[in-house]
Amino acid sequence: MIEGLGPISIKELQILSSPKVWAFNCFFDGIKSITPIDGEVEALYKGDSISIKCKINTQLLLTCDRCLNEFKKAIEIKEQEIILVSDQLDEVLNNNLAKNIFDNAEDLLEVVNPKDNFDPERWAFEQLSLQMPLINNCGDNCPGPCLSSQTNTTQSELRTQTNHDNDSLDPRWNALKRIQSK
């Protein structure tokens with residue numbers, strides 16, 4: 001757990017007269033960032049729900065899926081979410097309780113029991129994870145798969161080589177061959 005980002009009980013949030021704010025500038029386990037993750041999470045209890053807002057900035061170090069080179073990607077998040085507080089999950093699922101809070105009950109993303117805690121570290125981690133690209137591409141100028149021993153070979157020359165030679169051009173195929181040979 002990151003110091004200063006500890007969970008808070010829903011009952012404690014309910015008692016507060018103003019929003020609870022957590023500010024942080026640190027690294028998160030499981031997020032490969034090259035700069036500390038700088039952000040703020042704000043939680044405000046509003047009757048039957050908790051309004052959560054965040055601002056998070058960092059720079060990630062990712063590996064390109066095509067060329068395997070590392071590249072930097074800036075992440076800036078401004079997010080809002082409403083979490084319904086209820087111990088009557090069946091009623092929430094039938095949208096009776098949710099209709100009182102939301103214009104459209106389909107906007108409901110999460111329900112928490114009033115006896116539970118809100119964990120700002122976990123919530124911020126989830127928001128960062130949702131912003132991670134599914135396909136890591138270093139950009140329009142990506143050189144493509146790296147060519148191990150053919151640095152001066154042109155694309156047309158590569159097309160005319162035998163299949164056996166082509167297999168050794170891209171080192172990613174070697175891992176697959178090792179698996180197939182077992």
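Read-outs: derived from the displayed coordinates by stated rules, not from any lab. Only a predicted model underlies this, so the values are computations on that prediction, with no experimental measurement involved. With ideal geometry, Cβ positions are generated from the backbone for all residues, glycine too; neighbour counts draw on all protein chains shown.
Ordered by the count of other Cβ atoms within 10 Å of each Cβ, fewest first, Asp170, Asp87 give Asp87, Asp170. Which residues in the stretch 50-81 have a backbone N closer than 17 Å to a point placed 7 Å from the Cα of Glu40 along the Cα-to-Cβ line? Flagged as within label range: 51-58, 76-81. Subtracting the Cα-Cα distance of Ile179 and Ile135 from their residue separation scaled by 0.36 nm leaves 13.5 nm. Annotation: amide H-H contacts under 5 Å for Leu68 (H modelled 1.01 Å from N, sequence separation of 5 or more, or interchain): none. Residues whose amide H lies under 5 Å from that of Asn136, counting only those 5 or more places away or on a different chain, are Asp65; hydrogens are built 1.01 Å from N in the peptide plane. Converting phi to 3J(HN,Hα) with the Karplus coefficients 6.51, -1.76 and 1.60 and the offset θ = phi - 60°, the stretch 60-65 yields 9, 10, 10, 10, 5, 6 Hz in sequence order, with x at every glycine or proline.
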